[in-house]
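Okay, structure first, notes after.
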Number of protein chains: 4
Amino acid sequence: MDKTRLEAFSDGVIAILITIMVLELRTPEAASWEALRPLRPVFLAYVLSFVYLGIYWNNHHHMFKAVDQVNGGILWANSHLLFWLSLVPFATAWMGDSHFAPVPTALYGVVLLSAAMAYTILVWSLLAKGANPRLAHAIGRDLKGKLSLALYVSAIGLAFINVWLADALYVIVALIWLIPDRRIERDL
Amino acid sequence: MDKTRLEAFSDGVIAILITIMVLELRTPEAASWEALRPLRPVFLAYVLSFVYLGIYWNNHHHMFKAVDQVNGGILWANSHLLFWLSLVPFATAWMGDSHFAPVPTALYGVVLLSAAMAYTILVWSLLAKGANPRLAHAIGRDLKGKLSLALYVSAIGLAFINVWLADALYVIVALIWLIPDRRIERDL
Amino acid sequence: MDKTRLEAFSDGVIAILITIMVLELRTPEAASWEALRPLRPVFLAYVLSFVYLGIYWNNHHHMFKAVDQVNGGILWANSHLLFWLSLVPFATAWMGDSHFAPVPTALYGVVLLSAAMAYTILVWSLLAKGANPRLAHAIGRDLKGKLSLALYVSAIGLAFINVWLADALYVIVALIWLIPDRRIERDL
Amino acid sequence: MDKTRLEAFSDGVIAILITIMVLELRTPEAASWEALRPLRPVFLAYVLSFVYLGIYWNNHHHMFKAVDQVNGGILWANSHLLFWLSLVPFATAWMGDSHFAPVPTALYGVVLLSAAMAYTILVWSLLAKGANPRLAHAIGRDLKGKLSLALYVSAIGLAFINVWLADALYVIVALIWLIPDRRIERDL
């Protein structure tokens, strides 16, 4: 099976998720700068999730460059990833609306952690299919992936102690990944 | 006529349907785990429908692999399928909001049954066009399709007797289809 | 310039329009069949507009089969068509919510009439570009197009006399177009 | 890396943005022409933003015609542009809902200015990659780009003095760009 429709479907879902998040930025009642102030946490949460979904799109894009064929298992591993990504707008809205309260901040981390695990499963199922050796080489020991999982788990715990430390970890993971997987780019 | 735009349009519609369902997961008022509890039935209904739409996308994808050309009749059979799928978010939201009450659960089955019949009509119109013999062979006697129709009809009736039995049937049909049509995959 | 992205963009916009209309089908408060009854006009309006957008997608698809190249003018003629189509969900919701009251029914006709005129302009700009002679031949005297415009104008007027006659005309135009342009299919 | 998925993803995001703006046109309570009157500013703001997003799609389309390869930096410059465009529906809704009050009109200009700067950065990153010399030639001194930035800045200031002058400038910039970059079209 060829990968074109899987890529197109994933692009579609991620494009829609990234865009419907903006619907949470509700029009302020008044027409003043002050009326924008309550939107600040919602906006910050939006920016963070925009970057995360951008990262997923970007790395998905890069990874499938090194893939030639997909099978039923890969289709489902990909849908599983899209499922967790589809919960990002909900978690984002709750975190923003609650002004980064502990429980929503922890739930945000749970969703990111689940998406990261789903991505790892997708990588495994691509490698298991005996995919392109370039991909195996490019992924290597996947230090960035493992570090991200550890940071998400830490952030979920920290959310109940100091919510800003948790948010700082989410920002740090985003920064780690902002650079698309140069290993793949280089190896290709 | 070639099939590329039909595939792209179907992918677009299914990607959007799968994504707007998540808008039903409304942000809780409070920032506590308890505030998430009322969302449980909405979330479960979302997961079920996500899997169903994923199955349709998956099998649509597989089936059109075995198709080379489309005509006006096939375009409309495909739009007819998309119409019933477009009602899934509504039926899902009602079933979830009503905490799986009998009538919404039955309506959910009616929508799934209609979509399944529309899919069958699409298969027929592909075969009628004298399509790829591989497709005819792969579909065969379509036992899974016929079984699904029977289970949907049973579930619609059962919804008024024991709603959990009806929901169990919906889950069973989903599990039956979770495995993409290996017959097609094998035959191709 | 090649036509691929124009087709993809149009497919995307029409897929989204067709799908967001379903958001107007709001979840009923109660979990009974009676609670669905007030949704009937909204549902009927949805079905009609689903068919209309399906027709536009279908004929757009057919027409661009006969097109090889696009230029800036064609891009804008296409965007102009998409603009009027983008008002279909609004007009549909108003007509449905108002239970097919005269003014919303007339506005629905105005939107359909404008979209039909935008489609005619798009056809002209394709022909003006000295497009494929097959397209010119297939379009011919465009009787269906001219008849549709006349029927829309009649329906807009009739909406203030007998709203059901106006709606009947909308259904008739849809039926006229349900058959994709066989002339193009045949000529290609 | 090839540019297909970047184009598809951008097309998807812009198609969704252009379409969700229409959700701001809420169904009037009454079924009369007068009930439409309060929607006039929302509608005008919608038309303006539809044209702007159409322009961005159009010029994005044109520019990437002259691009053969993309890299990680270009992916992010493109995502950065999409981020600012994703704020257009919010700014449009606020400007329309507030009947073109000064602060929302200024914010609309800030979003347009940011999107224009993001577009400029995207152009630079394409040129920096040693892109197609045709692109460098076609962009030239980018007078239109520089003029637009100056007009946006003026409009933001003017919004607090005379809001209609600010809106007039937004319309003028749109008219300047309505003609897709003929330089690129000619040079290609």
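The values are calculated or read from the model by the stated rules, or taken from the named source; none is laboratory data. Source: prediction; values computed, not measured. Reconstructed Cβ throughout: ideal geometry from the backbone, glycine too, with neighbour counts over all protein chains shown.
Structure summary
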| quantity | calculated |
| --- | --- |
| Every residue from the range D:1-60 that is within 14 Å of chain A (Cβ to nearest Cβ), under 24 Å from C:VAL103 (Cβ atoms) and of a type in the set (Ser, Thr, Tyr) | D:TYR46 |
| Filtered residue count, the range D:24-60, keeping only those that are among the basic types (Lys, Arg) and not in a helix (DSSP H, G or I) | 1 |
| Inter-residue pairs, beta-carbon under 7 Å, first closer than 30 Å to B:TRP33 by Cα and in the range A:132-161, second among the basic types (Lys, Arg) and at pLDDT 70 or above, 6+ apart | none |
| Unique residue being in contact with a Pro (Cβ under 9 Å, 6 or more places away or on another chain), under 24 Å from D:ARG40 (Cα atoms) and aliphatic (A, V, I, L, M) when the list is C:ALA159, C:ALA116, C:ALA166, C:ALA106 | C:ALA159 |
| Within the range A:2-29, considering residues that are among the polar types (S, T, N, Q) and buried (at least 21 other Cβ atoms within 10 Å of the Cβ), the one farthest from B:ASN59 (Cα to Cα) | A:THR19 |
| Condition broken by B:THR19, with the remaining ones in (1) touching a residue at least 24 places away in the same chain (Cβ under 8 Å); (2) touching a helix residue (DSSP H, G or I) at 6+ places or on another chain (Cβ under 7 Å) satisfied | (1) |
| Hits in the range C:85-105 - residues which are touching a Leu at 6+ places or on another chain (Cβ under 7 Å) and part of a loop (DSSP other than H, G, I, E, B) | none |
| Output for the range D:61-73, where each listed residue is within 15 Å of D:LEU135 (Cα to Cα) and part of a helix (DSSP H, G or I) | D:HIS61, D:HIS62, D:MET63, D:PHE64, D:LYS65 |
| Some residue of the range D:43-53 being surrounded by 23 or more Cβ atoms within 10 Å (Cβ to Cβ) and free of Cβ contacts under 8 Å to residues at least 12 places away in the same chain | no |
| Residue within the range D:106-115 that is surrounded by fewer than 23 Cβ atoms within 10 Å (Cβ to Cβ), assigned to a helix (DSSP H, G or I) and more than 14 Å from chain A (Cβ to nearest Cβ) present | yes |
| Verdict on B:PRO89 being under 14 Å from the mean Cα position of the chain (by Cα) and buried (at least 22 other Cβ atoms within 10 Å of the Cβ) | yes |
| So A:ARG141, is it surrounded by fewer than 18 Cβ atoms within 10 Å (Cβ to Cβ), among the basic types (Lys, Arg), at pLDDT below 85 and assigned to a helix (DSSP H, G or I) | no |
| Any hit, the range C:15-22, residues being at pLDDT below 95 and under 26 Å from B:VAL163 (Cβ atoms) | yes |
| Leading residue by the ranking (nearest to the chain's Cα centre (by Cα)) among those in the range B:60-86 that are at pLDDT 95 or above and of a type in the set (Phe, Trp, Tyr) | B:TRP84 |
| C:SER32 being under 13 Å from the mean Cα position of the chain (by Cα) and either buried (at least 22 other Cβ atoms within 10 Å of the Cβ) or at pLDDT below 95 (or both) | no |
| Any pair with Cβ under 9 angstrom, 6 or more apart, that starts in the range A:98-122 at a residue that is without any contact (Cβ under 8 Å) to a residue 60 or more places away in the chain and ends at one that is outside any helix (DSSP H, G or I) and not hydrophobic (A, V, I, L, M, F, W, C) | A:SER98/B:THR27; A:SER98/B:PRO28; A:VAL103/B:SER32; A:PRO104/A:SER98; A:PRO104/B:THR27; A:PRO104/B:PRO28; A:THR120/A:ASP142 |
| Of the criteria (1) within 30 Å of C:ALA31 (Cβ to Cβ); (2) modelled with pLDDT under 90, which one B:ASP187 fails | (1) |
| Residue satisfying condition, being at the interface with chain A (Cβ under 9 Å from one of its Cβ atoms) and either surrounded by 19 or more Cβ atoms within 10 Å (Cβ to Cβ) or within 15 Å of D:PHE9 (Cα to Cα) (or both), within set D:LEU82, D:LEU135, D:LEU126 | D:LEU82 |
